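A quick write-up on the structure given underneath.
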Amino acid sequence: DLQGMIAALKANNLSAIELRTIDGTNVADLDDDKTKAIKKALQEADLTVSCLGTPLGKKQIEDPTATEIERLKKLAATAHAFNCDRLRIFSFYVPAGQAATYRDEVMLRLERLIETADAEGVRLLHENEKDIYGDVLERCLDLHTTFGHKLGAIIDPANYVQVGSDPLDAIVKLDDFVEYLHIKDCRKSDGHIVPAGH
């Protein structure tokens, strides 16, 4: 819930939040009234929004793209309402073992999203996530070398561990593109997410 988030940020001396889900509503589904209420509460707490943690690109690669473009436009407006210009995205779920087959389609869809984001005045940041095209380091490098600085990177170290990539290697190799890191931990032995440092 929003007040719980604010209290946690204050307790940990943090000044900004990546908004994802607030009071059970995903940022992609916020209406104008809810957006205004959240903005007011954050301003009163002297907090800012660093990025919208959107679900963009968390779709099957064969799903139609038009809905993602429209969702991006709505999210761009929401981001502007929070004086934020960054949106977290993903690179589409691809069938297991068929990433190479779908590479060109992934790149085409991401290019459309990047072009739309640019026109809407926002910046897209890709997060590595299990089962999407950009889940392993090799394919994240492919994305970022293809799009250069048109696409920023978010490192989720636990997700890299879960797919067999070394998160420290990712931090080094993606350094030119990384805009921020998640603090998230995972046991190598069984892929179980654990509190940071455990």
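Structure values in brief
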{"item": "Failed condition for residue 27, given (1) open to solvent by 60 Å² or more (accessible area, probe 1.4 Å); (2) β-branched (Val, Ile, Thr); (3) in contact (Cβ under 8 Å) with a residue 40 or more places away in the chain", "result": "(1)"}
{"item": "Any pair with Cβ under 9 angstrom, 6 or more apart, that starts in segment 174-194 at a residue that is on the phi < 0 side of the Ramachandran plot and ends at one that is open to solvent by 100 Å² or more (accessible area, probe 1.4 Å) and assigned to a loop (DSSP other than H, G, I, E, B)", "result": "185/198; 187/198"}
{"item": "Answer residue from segment 18-74, given it is in a loop (DSSP other than H, G, I, E, B) and of a type in the set (A, V, I, L, M) and is farthest from residue 107 (Cα to Cα) among those", "result": "45"}
{"item": "Lone qualifier among 93, 102 - being touching a Pro at 6+ places or on another chain (Cβ under 8 Å) and open to solvent by 20 Å² or more (accessible area, probe 1.4 Å)", "result": "102"}
{"item": "Odd one out for residue 131 among (1) surrounded by fewer than 18 Cβ atoms within 10 Å (Cβ to Cβ); (2) in contact (Cβ under 8 Å) with a residue 24 or more places away in the chain; (3) in contact with a strand residue (DSSP E or B) (Cβ under 8 Å, 6 or more places away or on another chain); (4) more than 28 Å from residue 62 (Cα to Cα)", "result": "(4)"}
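The values are calculated or read from the model by the stated rules, or taken from the named source; none is laboratory data. Small disclaimer: the values here were computed from a predicted structure and weren't measured. Here Cβ is always computed from backbone atoms with ideal geometry, including for glycine, and neighbour counts include all displayed protein chains. These accessible areas exclude ligands, DNA and RNA; they are computed on the full protein's heavy atoms, side chains included. Shrake-Rupley method; radii C 1.70, N 1.55, O 1.52, S 1.80 Å.
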